[in-house]
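Nothing in this text is a laboratory measurement; each read-out follows from the coordinates by a stated rule. Since this is a predicted model, take the numbers as computed values, not measurements. Please note: Cβ atoms are built from the backbone with ideal geometry, for glycine as well, and neighbour counts cover all protein chains shown.
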Amino acid sequence: MKRSQKIAVQASAALALTLFLSILFLRMTGVDPQYIDPASPEFAASGRTAWPGLWLSGEVVSEPVADWDWVYEVNDPVRGNSIMLETRSWYGIPHSVTINPTARGDKLYIGGSEQDSRLEREFPSSKRWWANIERDPRVRLKIDGKIYEMTATLVADRAEVAQLIGRDPVTRAIGPDGEEQITGVRHYWQVFQRNIPEYGDGSMNAQRITSR
């Protein structure tokens, strides 16, 4: 092997090792998603989005939660009572975002909305974390510094979503042409604990809501 080839091989090996160690470090330490206050001008200027994170770190909860209403009492000095969601991408590196939880006693929901140009894309393609969940429903939530391993199931019935949030999940307005047009759509998933002895992997609970 020529000297130049050896140098190239060594450089490639060093780069691969550096990349592996970097990923391992990030996996161990975690990378939280960026937080921008949804009510701030910065959030509007950013196109209602923020930089995603990677792996979420924290103590993994192994006990079942009987009442999720306590999530509204979480008051982080920066993030308020928002939570973080880690989803599984097709390429193996997690995609995590900041979202707001919706708790109803023993039930916990996560959701988000799409407006403007996102409405031109077919669901769930308008947001990466939506597409990730629909492809692989295994998610992790970071709430008040702790990790909850969950299984997410889409609430497909809009009437059920309307009952959950107290309003129509589809917003409409009269356009310049005088015709009614959709200006926003909200989607929700119910999440079930998994890796809990009492609940198994959460798939049975998820199947119950899917079969309704």
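From most to least packed by mean Cβ count within 10 Å, the peptides 123-134, 67-78 give 123-134, 67-78. Each residue in 90, 189 was given a count of other beta-carbon atoms within 10 angstrom of its own, and listing them fewest first yields 90, 189.
Here the translational diffusion coefficient of the range 33-210 follows from Stokes-Einstein with Rh set to the Kirkwood radius across Cα pairs; for 10 °C and 1.306 mPa s it amounts to 92 µm²/s.
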